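*Asks:* Quick one: structure below, then a few questions.
Read-outs: derived from the displayed coordinates by stated rules, not from any lab. Just so it is clear, the structure is predicted and the values come from calculations on it, not from any experiment. Neighbour counts run over all protein chains shown; Cβ positions are idealised from the backbone, glycine included.
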Amino acid sequence: MYKTICFKEIGDSRGALIAIESGKSIPFEIKRIYYIFNTRSDVVRGKHAHKKLEQVFICLSGSCTLLIDDGEKREEIFLNDKTRGIYIQSMIWREIYDFSSDCVLVVLASQHYDEDDYIRDYATFLKIVKGGNDNE
Ligand code: TYD
């Protein structure tokens, strides 16, 4: 349902550095980057799936929990490690919650923002992944 990408930390006496290259450590061409921060701890973000979009989630600071759901099983992933990216393909329902006050969550995306790519209704998502129609 997801893949963990371990980024190589290039450390020296000055500190650490991680470089991410589109199409190399990330399995798609990065077309968009956004980041989520200053999120209240009682907030649940996401609550949608994407028809085509692929994404990598990296928690650069603090922590949060990513829930992923392929329509059959659900998994919670605790994110608190800037050397680790979570790659998810299209048609995965996701929710993100339990944000620490210092959480900065970076998301690398394979497409520009397109509201038509979103499935925001869980029942519709289930219908599509279980082979129903996708007239939505
Ligand atoms: P939303 O999809 O609700 O964020 P999340 O999935 O993290 O809960 O997006 C919030 C708002 O930001 C919404 O009005 C759409 C806009 N937005 C963009 O304009 N570009 C983007 O790349 C993203 C992710 C959101």
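*Asks:* Can you give the Kirkwood hydrodynamic radius of the chain from its Cα pairs, in Å with one decimal? Show your work: numbers first, answer last.
*Replies:* On the way: mean 1/r = 0.0637 Å⁻¹.
Result for the chain, one decimal place: 15.7 Å.
*Asks:* Can you bin every Cα-Cα distance in segment 1-81 into 10 Å intervals starting at zero and give me the percent of pairs per bin, rounded to whole numbers?
*Replies:* Histogram of Cα-Cα distances, whole percents per bin: 12, 43, 36, 8, 1.
*Asks:* Additional query: Tabulate in residue order the Karplus-calculated ³J(HN,Hα) for segment 92-108, using 6.51 cos²θ - 1.76 cosθ + 1.60 with θ = phi - 60°, rounded to whole Hz; enter x for Gly and Pro.
*Replies:* These are the phi-based 3J(HN,Hα) values: 10, 6, 9, 9, 10, 8, 6, 6, 6, 5, 9, 5, 10, 10, 9, 10, 9 Hz.
*Asks:* Report relative contact order for segment 7-136 in percent, whole number only (criteria: Cα-Cα under 8 Å, sequence separation at least 6). It would help to have the intermediate numbers written out before the result.
*Replies:* Working: 282 pairs, mean separation 42.5, N = 130.
Across segment 7-136, relative contact order equals 33 percent.
*Asks:* Further question: Quick check on the chain: helices-only [θ] at 222 nm, where DSSP H runs of length 4 and up contribute -39,500 (n - 2.57) each and the sum goes over total residues. Nearest 500, please.
*Replies:* Working: 1 runs with 8 residues, N = 136.
-1500 deg cm²/dmol, from helical runs alone.
*Asks:* Same structure again: Mind listing the phi-derived Karplus ³J(HN,Hα) values for segment 109-121, rounded to whole Hz, using 6.51, -1.76 and 1.60 with θ = phi - 60°, and x for any glycine or proline?
*Replies:* Running phi through 6.51 cos²θ - 1.76 cosθ + 1.60 with θ = phi - 60° gives 10, 7, 9, 5, 4, 8, 4, 5, 7, 8, 10, 9, 10 Hz.
*Asks:* Can I ask one more? Which of the peptides 112-123, 28-39, 43-54, 86-97 is most tightly packed, and how do the rest follow, going by the mean number of other Cβ atoms within 10 Å of each residue? Intermediate results must be reported in sequence, preceding the final value.
*Replies:* Working: 112-123: 12.0, 28-39: 13.8, 43-54: 16.9, 86-97: 18.7.
Going from most to least packed, we get 86-97, 43-54, 28-39, 112-123.
*Asks:* Residues with amide H under 5 Å of I26's amide H, sequence separation 5 or more or different chain, H placed in the peptide plane at 1.01 Å from N; which?
*Replies:* Amide H neighbours of I26: E21.
*Asks:* Here's another thing I want to ask about it. Please compute the modelled spin-label separation between I18 and K47, points set 7 Å along Cα→Cβ, answer in nm with one decimal.
*Replies:* 2.9
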